[in-house]
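One structure is given here, and the rest of the page talks about it.
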Amino acid sequence: MIELESLKARLEYEPSTGHFRWRTVLAKARNVKVGDIAGTRHPEGYIKIKVSGRLYAAHRLAWLFTHGVWPTDVIDHINGVRDDNRITNLRNVAPAINSQNRKGANSNSRTGLIGVSLHRSRYRASIWNGKKLQRLGPFDTPEE
């Protein structure tokens, strides 16, 4: 893992925009200039930056850059926008908390709704309260 001093020597971080910019550029880096925005959006929507031969998620680098330590848990994008790396949009949370910030149901969901499943001929709504599953009841339609 890259150290904070090495990171700050290679990149600048703009907390208000969430962008990283190159401070120094390796000679072999074609088409990249000092001051250019660093990173590439990957298929899952996150910005990744290659520094010293290793690929890092920009949101984790933003946390390191701002707080001086690597995040201990998952970095959650509060607004759900995966490429919005403004420090005010990032929080270091447990995976269970991060999963509560979901914007949609699992791709294999038969109802297409978070917390709603088919049970026999009715729909069942449930939520997780800590580690305990709480059923909210059976319903005739998924919207109920």
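The values are calculated or read from the model by the stated rules, or taken from the named source; none is laboratory data. Predicted, not measured: the structure shown is a model, and the values here were computed from it. Cβ atoms come from the backbone with ideal geometry, glycine included; neighbour counts cover every protein chain shown. Heavy atoms of the whole protein, side chains included, go into the accessibility calculation; ligands, DNA and RNA do not. Shrake-Rupley method; radii C 1.70, N 1.55, O 1.52, S 1.80 Å.
Summary table below
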| read-out | value |
| --- | --- |
| Within straight-line cross-link reach of residue 8, lysines at Cα separation under 23 Å, skipping those fewer than 8 residues along the same chain | 28, 33, 48, 50 |
| Average accessible surface area per residue within the range 1-127, 1.4 Å rolling probe, Å² | 63 Å² |
| Theoretical gain in end-to-end length, residue 8 to residue 136 [0.36 nm per residue, Cα-Cα removed] | 41.1 nm |
| Packing-based ranking, highest mean first, of 131-139, 55-63 given that Cβ atoms within 10 Å are counted | 55-63, 131-139 |
| Net charge over other residues, Cβ less than 13 angstrom from the Cβ of residue 119 (K, R count +1; D, E count -1) | +4 |
| Residue 40 accessible area, assembled protein chains, probe 1.4 Å, Å² | 80 Å² |
| For the chain, built as a Gaussian network whose Cα springs stay under 10 Å, the top-fluctuating residue of 18, 80, 53 | 53 |
| Share of carbon and sulfur in the accessible heavy-atom surface of the range 1-105 [1.4 Å probe, %] | 51 percent |
| Cα centre as origin, Lys/Arg/Asp/Glu Cβ charges: the chain dipole, Debye | 380 debye |
| Simple label model, 7 Å out from Cα along Cβ direction - residue 107 to residue 30, nm | 3.3 nm |
